[in-house]
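Shown next, in structure tokens, is the structure this report addresses.
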Amino acid sequence: MQIEHLSLTNFRNYARLEMPLPSAPLVLCGDNAQGKTSLLEAVYYLATSKSPYTTSDRQLIHWRTEDHPMPHARLVAEMVSDGRFHRLETTILLNGAGGGGRFKKVVKHNGVEKRVMDVAGLLKVVFFMPQDLALVHGAPSDRRHFMNVTLSQVDRDYLAALDKYERLIPQRNALLKRIAERRASPNELSLWDEQIAVAGAVIIAARQRFLRELEVAAQRTHHQLTGDKETLSLQYQPSFTPTADGGQQLSFGVIGLDLHREIDADTIAPQFAARLEAERMESIHRGVTLSGPHRDELRLMINQRDAGLYGSRGQARTAVMSLKLAELAWMTERSGDPPVLLLDEVVAELDASRRAFLLDRIDGGVQTLLTTTELDIFTPSFLERAAVWHVADGQISTSATP
């Protein structure tokens, strides 16, 4: 996958940018708050329709457009994937008159308007940033987000199930509260639970398969980074324990999921439905759905010890780096086309050995965009094969490209 041209209009601090992208690793160098990260954010937003830094689309629109009749931002990527040309365009614009209007997204593929779901995976990315330490030390939602973003780019069934599930759970929770207030009947839950069980089962089965495959690549990289001194393993902890045959023989361990044994969605769904029914009275009392993928957990283990509880900061950085490189390899293998790799100030956060390990794996096979405030952290050999562009106040100056 290769982005050949990136166009930004009123995005962050870019009033207007037309930028052909090189196939060589691209280093974006400049002081803080000049627009380096915004370029990576734009690529990520085109790929996922979400920002990794904010949940408010309003914040993405250039501040100078505040007084315009219709504030908007437009992002366009022209790219080649699997030998075919694609033009992916996303416009964020005010929907409705006045300052109280809401912003909406309009997505087009080759000039034809599409749903966000229809273009998912057209542009694939792996984003690596210092905040990814949350994959070890952060909240369970951070690790669920990692699984969701990665899987949604390569698995349409997962994306559809996730989209449905995330719409159904708030509606079920609202119904639970109405039942508790005697404004609805518990019998109304049956229809919701059937749909939630089917969608949730697809999510759980896909996460299990994904983590089993990801773990192989992550362990290999982690062994290389630690000189075979540490073994990284992934422990998926679903919020309930399905069994292989729907009986009493557990296929998921009490602590976590056995990644070497696969349970399909058709086997999980009726067990999930039974769990929702068994918890019905407690869920009504508390007003929330107590089990399901929205409460799943993923733990990173180093030598069978929880890295989030017992690992050092250095071990956490190594584990995250192993996970991100494994994500890159997994997406490439699953789609047959390498995603775009985005590295936001990551190189400066690594020690010399990890830095060299990472840079050695950045080559022309994977289009890579990196940001930095200082060039001297890169080796001369890497800079010789990279394009170095300088960013200042939303303006870019380019040097020769290899």
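Give the shape of the stretch 1-150 as rounded, prolate or oblate, defined through the alpha-carbon gyration tensor: a ≥ b ≥ c are the square roots of its eigenvalues, a/c under 1.5 means rounded, and otherwise the shape is prolate if a/b is larger than b/c and oblate if not. Rounded, because the longest to shortest axis ratio a/c is under 1.5.
Sorted from greatest to least, the principal axis extents spanned by the alpha carbons of the chain come out as 66, 61, 38 Å. Per-residue ellipticity at 222 nm computed for the chain from its helices equals -13000 deg cm²/dmol, with DSSP H segments shorter than 4 residues left out and the rest contributing -39,500 (n - 2.57). The residues neighbouring Gly394, those whose beta-carbon lies less than 10 Å from its own, together hold a net charge of +1 under the Lys/Arg +1, Asp/Glu -1 convention. Working from label points 7 Å from Cα in the Cα-to-Cβ sense, the Glu213 to Asp360 distance is 2.7 nm.
Dividing the mean sequence gap of close Cα pairs (under 8 Å, 6+ apart) by how many residues the chain holds gives a relative contact order of 24 percent.
Against the chain, whose longest principal axis is taken from its Cα atoms, helix 313-335 shows a tilt of about 90°. Per residue, the stretch 286-402 exposes 42 Å² of solvent-accessible protein surface, assessed with a 1.4 angstrom probe and all protein chains in place. Rounded to the nearest 20 debye, the dipole size of the chain about its Cα centre is 940 debye, using +1 on the Cβ of Lys and Arg and -1 on the Cβ of Asp and Glu.
Structure shown: which of Lys50/Lys177; Lys177/Lys324; Lys50/Lys229 lie over 32 Å apart, alpha-carbon to alpha-carbon? Violating the 32 Å Cα-Cα cut-off are Lys177/Lys324; Lys50/Lys229. Shown in residue order for the stretch 145-154 are the 3J(HN,Hα) couplings computed by the Karplus curve 6.51 cos²θ - 1.76 cosθ + 1.60 at θ = phi - 60°: 4, 4, 5, 5, 5, 5, 5, 5, 7, 10 Hz (x for Gly and Pro). Scoring 350-360, 122-132 by mean Cβ neighbours within 10 Å over their residues and listing the highest first yields 122-132, 350-360.
The values are calculated or read from the model by the stated rules, or taken from the named source; none is laboratory data. This is a predicted model, so every value here is computed, not measured. With ideal geometry, Cβ positions are generated from the backbone for all residues, glycine too; neighbour counts draw on all protein chains shown. Each accessible area value is taken on the protein alone, full model and side chains, heavy atoms only, with ligands, DNA and RNA left out. Shrake-Rupley method; radii C 1.70, N 1.55, O 1.52, S 1.80 Å.
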